[in-house]
1. Out of the residues in segment 305-325 meeting the condition of being closer than 13 Å to Ile48 by Cβ and out of contact with any Ser or Thr (no Cβ under 9 Å at 6 or more places or on another chain), tell me which one is surrounded by the most Cβ atoms within 10 Å (Cβ to Cβ).
2. State all residues of segment 102-123 that are of a type in the set (A, V, I, L, M, F, W, C), part of a loop (DSSP other than H, G, I, E, B) and under 18 Å from Leu72 (Cβ atoms); if no residue qualifies, say none.
3. I'm trying to understand the selection: among the residues of segment 285-328, which are aromatic (Phe, Trp, Tyr) and in a loop (DSSP other than H, G, I, E, B)?
4. From the list Asp202, Asp186, pick out the single residue that is among the charged types (D, E, K, R), at pLDDT 95 or above and at positive phi.
5. Among the listed residues Ala233, Ala237, Ala241, Ala255, which satisfies the condition of being in a strand (DSSP E or B), open to solvent by less than 40 Å² (accessible area, probe 1.4 Å) and touching a residue at least 24 places away in the same chain (Cβ under 8 Å)?
6. Mind listing just one residue for me: the one in segment 205-230 that is over 19 Å from Asn264 (Cβ atoms) and small (Gly, Ala, Ser) and, of those, surrounded by the fewest Cβ atoms within 10 Å (Cβ to Cβ)?
7. Limited to segment 240-261, what total is found for residues that are closer than 19 Å to Asp186 by Cβ and under 17 Å from the mean Cα position of the chain (by Cα)?
8. Look through Ile48, Ile100, Ile82 and report the one residue that is touching a Leu at 6+ places or on another chain (Cβ under 9 Å) and either open to solvent by 30 Å² or more (accessible area, probe 1.4 Å) or of a type in the set (A, V, I, L, M, F, W, C) (or both).
Amino acid sequence: MFLIATLLFLSARLTTAGNMNSFAGVCYGRNGDNLPSPAKTVSLYKKINVGGIRLYEPFPDLIVSLQGTGLLVAIGPRNEAIKTLAEEYQFALNWVKTFIAPYKNVAFNWITVGNEVIEGEIGRYVPQAMKNIKAALTEIGNSKIHVTTVISTAALANSYPPSAGVFKPAITELITEIVSILSSTDSPLMVNVYPYFAYASDPSHVSLEYATFRSTSPVVTDGKYQYTNIFDATLDAFNVALEKINHGSVKVYVAETGWPTRGNDPYTSVENARAYNQGLLKKLTTGKGTPRRPNVPVITFFFEMFNEDLKQGAVEQSFGFFDPNMAPVYDMWNIARTSNASPSWVIWTMLITRLFY
């Protein structure tokens, strides 16, 4: 009872202060023909002590295995379903009743309506699909789940320096409609951030140190803000872009980020992947946000759990922390136990995020 009371007291204190610990999850996909069973997969998530999992579509067998684990879950419909979700409320209600409602002991926290679809034909259906999913959640009595969408850095017309961040004119009206919904429901905008691609496409202007959290001094100075890594600079470009459409209060969370270990030498390597991912995890354990939003920790999902052999090309097949036989590609997750943060930082985050966010 004392432990429970202490947790509730500290949770209330953090909520009152408007603060929370950092959070890290890992994305899970199934583009492989030799992946572990759902039970073994969920066991591995628990073993590495991360707080959450992102699913790109509903996998009922995996969802069953998530029951009672406490892992926070981000889940989305397939992109192909978005148009129907927008046009037919009953379809949205059936989706929620099929994939959310039956699993009372799964900690669904976010439903991501669309993964990088805003600039395509499907994009215009996203706002109404979000509204229908939210209404369906309310109808089944689960309105606390956040409904959002995921966009890529390609949504920005400019991101350098961060103060120049702005959405592309062609999608600004659509983005504004989406973030208006997010603002009204206190939900985050989710983005995919890949410094690897920025570095690999322009290594003469983007340093490896800046891309992989190994810079020890500011690389970019933008007014009063200084940046030692692309990750923070990119997120602040999104923050500025949101401010320019009068929605600067909407939080920006990261739905995907990672670094491949092979397929494009010398840019891909175990060393570079380890440096980037461990550098980011170390940042997250500090609980600090970006230079423009230092008190807003960035909930982040790493990409991804397993190397998936059915993806196209060696690079896309090589973002995983583990091979399908569950052997680690490199040592990654012990940093959470050896950093200055409490060994239970993920547990604190899971509790606070689930109760108050």
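The values are calculated or read from the model by the stated rules, or taken from the named source; none is laboratory data. Just so it is clear, the model here is predicted, and its values are computed rather than measured. Note that we place each Cβ from the backbone using ideal geometry, even for glycine, and neighbour counts take in every protein chain shown. Side chains included, ligands, DNA and RNA excluded: accessible areas come from the protein's heavy atoms. Shrake-Rupley method; radii C 1.70, N 1.55, O 1.52, S 1.80 Å.
1. Phe321
2. Listed by number, the list holds a single entry, Val106.
3. Phe303, Phe319, Phe321
4. None of the others qualify; the one that does is Asp186.
5. Just a single option satisfies the conditions, and that option is Ala255.
6. Ser217
7. 6
8. Ile100
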